[in-house]
1. Looking only at region 158-203, which residues are assigned to a loop (DSSP other than H, G, I, E, B) and of a type outside the set (A, V, I, L, M)?
2. Any residue in region 364-380 that is surrounded by 19 or more Cβ atoms within 10 Å (Cβ to Cβ), in the same structural domain as residue 184 (by TED's automatic domain parsing), in a helix (DSSP H, G or I) and at pLDDT below 95?
3. Got a sec? Which of 345, 364 is touching a residue at least 60 places away in the same chain (Cβ under 8 Å) and closer than 19 Å to residue 267 by Cα?
4. Given the options 63, 68, 33, name the one that is small (Gly, Ala, Ser), free of Cβ contacts under 8 Å to residues at least 60 places away in the same chain and not in a helix (DSSP H, G or I).
5. Considering region 273-310 alone, what residues qualify as being outside any loop (DSSP other than H, G, I, E, B), of a type in the set (Ser, Thr, Tyr) and closer than 24 Å to residue 155 by Cα?
6. Restricting the search to region 228-272, which residues are in a strand (DSSP E or B), in contact with a helix residue (DSSP H, G or I) (Cβ under 6 Å, 6 or more places away or on another chain) and of a type outside the set (A, V, I, L, M)?
7. Just to be sure, is residue 101 of a type in the set (D, E, K, R) and part of a strand (DSSP E or B)?
8. Only one of these is in contact (Cβ under 8 Å) with a residue 12 or more places away in the chain, under 22 Å from residue 196 (Cβ atoms), surrounded by 12 or more Cβ atoms within 10 Å (Cβ to Cβ) and in contact with a strand residue (DSSP E or B) (Cβ under 8 Å, 6 or more places away or on another chain): 232, 211. Name it.
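The values are calculated or read from the model by the stated rules, or taken from the named source; none is laboratory data. All values reported here derive from a predicted model rather than from experimental measurement. Backbone-built Cβ (ideal geometry, glycine too); neighbour counts: all protein chains shown.
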Amino acid sequence: MMTNEHIQQEALAFEDYLIEKRRQVHALAETGGNEWDTRRLIEAELSAEKIPYVELEGTGVVGILDTGRKGTNVALRADIDALPMTEDPNNLKGPRTCISRTPDKTAHMCGHDAHTAMLLTSMKILSKHRDELSGTIYFCFEQGEENNSGWKFMIHELSKYDIDTCWGMHVIPFASGNIAIGSGPLLAGNQFLDFTFVGKGGHGSRPDQAINPVYCGAAWYNNIAVAFANQIDANQTVTLGLTAIKGGQVGNVIPDTAQILGSLRFFDEEEGRKATKIVHDTAEHTAAMMHCTVDWSAFPEAVGVTVNDPELSAAAKEGIGELLGAEHVLPVSRQFGSESFSAYSKIAPSVFAMVGIANPDAGSGAGNHTTHFDVDEKALKTGVMSTLKYVALMEEKHYKKKA
């Protein structure tokens, strides 16, 4: 088992590797389901350490480090996709250390390049110390977190193994050198809304000869506001964000369809399902009233609530506090953002942590998903050390998930 001193020494020794990999992945900047070059890079690093891996459907990959000794089996996860957005060549201070190869189309403006590099570095160090470890460690590189395209493939694969606990991280613009770990519901569940009212198009001068789905969308907009306010449990937090009604392009043509886009966010999955049913029922009844139908074929599956196991979160806070200093392990309040890591808790008790990467001297501190977002590369070893410490803690506790 690695001691705190060993963890600190190794994180420092592999810092150049960590930064190099972050820059390489940042430059590739491939969106969900298209991370072919990113996967090739990951597989090359796994192969260099003689760690076998499984290619998932799509572009995800799982490396499997089996020590050959019984112990705690830990899954470590990183998402690998970039966003379909532009990247400013400057961060908050000046020119970036690295930039996307297609900055006008795709960019790592959420920090998944950092997540991938931190997991690769953790893999490298754990492989070096494999003779001191027990159990099996699964290195989970998940495609498409942003577009929700990869978690099903990952969970399908992980379900084949006897995994005791899962660990994941996300970089966030709070002070570098700190990590935040919460307990219980941490990130909101998310039900994206994408459905279409189907009517009958026609000439704008004769609405009586058409069935106008734009009116249907407008009527539903009013109906859902009333239904939502009066049917959601007042003790629960569920937000409804409607972002688009898309129907028609010109002033004298009634379109055939009107699309609705938005999202629900919630911290209680039962109430989230109830809110989704309210959306569904009001849409169907509004459509029937106006002689339209509803096309639900594009309606996506919900992302669940990310819940940190209380026992393991407490152990992580204490152990990582001993490693970094207790003042560097911060509490975290519930966040309304969502994460596909929520699905990992269906496999085993899980902990999801936030790594601070804001540093004015490095020009980092802009919000995730903004064009000036950047990371303080010197802060990434905090994530590596925390990952290594979590593995060591699970070994020390001989942790096994309860049947």
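1. We begin by selecting, within region 158-203, every residue assigned to a loop (DSSP other than H, G, I, E, B); these are 159-164, 176-178, 182-183, 188, 199, 201.
Correct list: 159, 160, 161, 162, 164, 176, 177, 178, 182, 183, 199, 201.
2. As a first pass, look at region 364-380 and keep what is surrounded by 19 or more Cβ atoms within 10 Å (Cβ to Cβ): 364-365, 373-377, 379-380.
With the extra rule that they be in the same structural domain as residue 184 (by TED's automatic domain parsing), the set shrinks to 364-365, 373-377, 379-380.
Adding the requirement that they be in a helix (DSSP H, G or I) leaves 377, 379-380.
Within this subset, residues satisfying the condition of being at pLDDT below 95 are none.
Within region 364-380 (the criterion being surrounded by 19 or more Cβ atoms within 10 Å (Cβ to Cβ), in the same structural domain as residue 184 (by TED's automatic domain parsing), in a helix (DSSP H, G or I) and at pLDDT below 95), the answer is no, since none of the residues qualifies.
3. Only one candidate passes the filter, namely 345.
4. Going through 63, 68, 33 in turn, the sole match is 68.
5. Within region 273-310, 276, 306 meet the criteria.
6. Residues satisfying the conditions are 257, 266.
7. no
8. On the way: 232 fails: under 22 Å from residue 196 (Cβ atoms).
From the options 232, 211, the qualifying one is 211.
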